[in-house]
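The values are calculated or read from the model by the stated rules, or taken from the named source; none is laboratory data. Just so we're clear, the structure is a prediction, and the values are computed from it rather than from any experiment. Cβ sites come from the backbone with ideal geometry, for glycine too, and all protein chains shown count toward neighbours. Please note that ligands, DNA and RNA were not included when accessible areas were found on the heavy atoms of the full protein model with its side chains. Shrake-Rupley method; radii C 1.70, N 1.55, O 1.52, S 1.80 Å.
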Amino acid sequence: MILHPRSIRNLILLGFSLVALPLVCALVYTAFYVEKLVVQSQETVLQAMRVTQSSNHLVDLITDMERNARQFQVLNDKSLLKLYAENHRDGQDILKNLQKLDDDESYKRLLNEFSERETAIFKTLSAPNNSAKTLQQAISGFKNLERVAENIHTASQNIIKVKLEQVENTAASAENVLVW
């Protein structure tokens with residue numbers, strides 16, 4: 001059924017409605033994209049901040065744990081082992097938080113490798129009546145632990161870069177919709 005306006009005023013209103021309808025639809029669609037972009041960028045920025053802090057804290061913890069382990073080796077003071085145990089728990093908490101970052105298998109393998117290596121050092125230090133040679137071998141494992149932590153830091157930054165690219169793609173898509 002074709003509408004036949006009965007007056008000039010109705011014809012103008014009908015014409016204006018037909019012209020404005022696509023514009024209103026585009027504005028609603030753009031508002032949706034902008035909202036999505038804002039949420040996605042906020043999440044990415046917060047995640048980047050947490051990951052950077054966590055991976056930096058992990059590197060600092062390795063330094064603290066190595067210092068505690070070396071002091072324990074020299075002084076044989078159990079309070080130093082307790083400090084190491086606290087750092088061990090903190091490290092495990094950081095790893096749990098980092099595992100929430102991404103489902104990438106190679107990233108999870110790095111986190112598991114770090115956890116396994118650090119736990120092995122912790123168990124060796126915690127075992128009673130270790131020889132000096134056994135303690136020295138455990139402490140020498142910190143070099144590999146530092147390497148794995150640096151790999152975790154690099155992998156975390158790469159994951160953040162991918163997420164930032166996703167935000168940029170969403171922004172480009174919103175811009176295209178707005179242009180059309």
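Points to keep in mind about this one:
- Over every Cα atom in the range 120-163, the radius of gyration and the widest Cα-Cα span, Dmax, amount to 15.4, 49 Å.
- Taking a quarter of the surface of the Cα convex hull of the range 1-105 gives a mean projected area of 12.2 nm².
- Computed [θ] at 222 nm, deg cm²/dmol, the chain (DSSP H ≥ 4; -39,500 (n - 2.57); rounded to nearest 500): -32000 deg cm²/dmol
- The distance between label points at Val162 and Leu46 comes to 2.1 nm (points 7 Å beyond Cα on the Cα→Cβ vector).
- Accessible area (Å², per residue) of the chain, counting only protein heavy atoms and a probe of 1.4 Å: 67
- Inter-label distance for Phe32 and Thr154, nm, one decimal - labels placed 7 Å from Cα along Cα-to-Cβ: 4.2
- All Cα pairs of the range 58-133, percent lying beyond 17 Å: 45
- Per-residue ³J(HN,Hα) for the range 127-132, Karplus 6.51 cos²θ - 1.76 cosθ + 1.60, θ = phi - 60°, Hz, x for Gly and Pro: 5, x, 6, 6, 7, 4
- Candidates Ala20, Ala120, Ala138: whichever shows maximal mean-square fluctuation once the chain is modelled as a Gaussian network with Cα springs under 10 Å: Ala20
- Set of aspartates and glutamates with alpha-carbon distance to Lys123 below 19 Å, sequence-local pairs under 8 removed: Asp64, Glu66, Asp77, Glu86, Asp90, Asp93, Glu113, Glu146
- On the chain, 58 percent of the accessible area sits on carbon and sulfur atoms, based on a 1.4 Å probe.
- The modelled label-to-label distance between Val179 and Lys82, using points 7 Å beyond Cα along the C-beta direction, is 6.5 nm.
- The convex hull drawn around the Cα atoms of the range 140-180, when projected onto a plane and averaged over every direction, covers 2.2 nm².
- Option label - P(r) over Cα pairs in 10 Å bins from 0, in percent computed here, alternatives (1) 9, 37, 39, 14, 1, 0; (2) 8, 26, 18, 14, 10, 8, 6, 4, 3, 2, 0; (3) 10, 33, 26, 10, 7, 6, 5, 2, 0: (2)
- Since only Leu21, Gln136, Gln157 are under comparison, the one whose Cα sits farthest along the positive direction of the charge dipole of the chain, derived from C-beta charges on Lys, Arg, Asp and Glu, is Leu21.
- Entries in Lys36/Lys163; Lys82/Lys108; Lys143/Lys163; Lys36/Lys108 that, when Cα-Cα distance is taken, lie over 23 Å: Lys82/Lys108; Lys143/Lys163; Lys36/Lys108
- Per-residue 3J(HN,Hα) values for the range 77-82, derived from phi via the Karplus relation 6.51 cos²θ - 1.76 cosθ + 1.60 with θ = phi - 60°, read 9, 5, 5, 5, 5, 5 Hz in sequence order (x marks Gly and Pro).
- For the range 62-68, Karplus couplings with θ = phi - 60° (6.51, -1.76, 1.60), whole Hz, Gly/Pro x: 4, 4, 5, 5, 5, 4, 4
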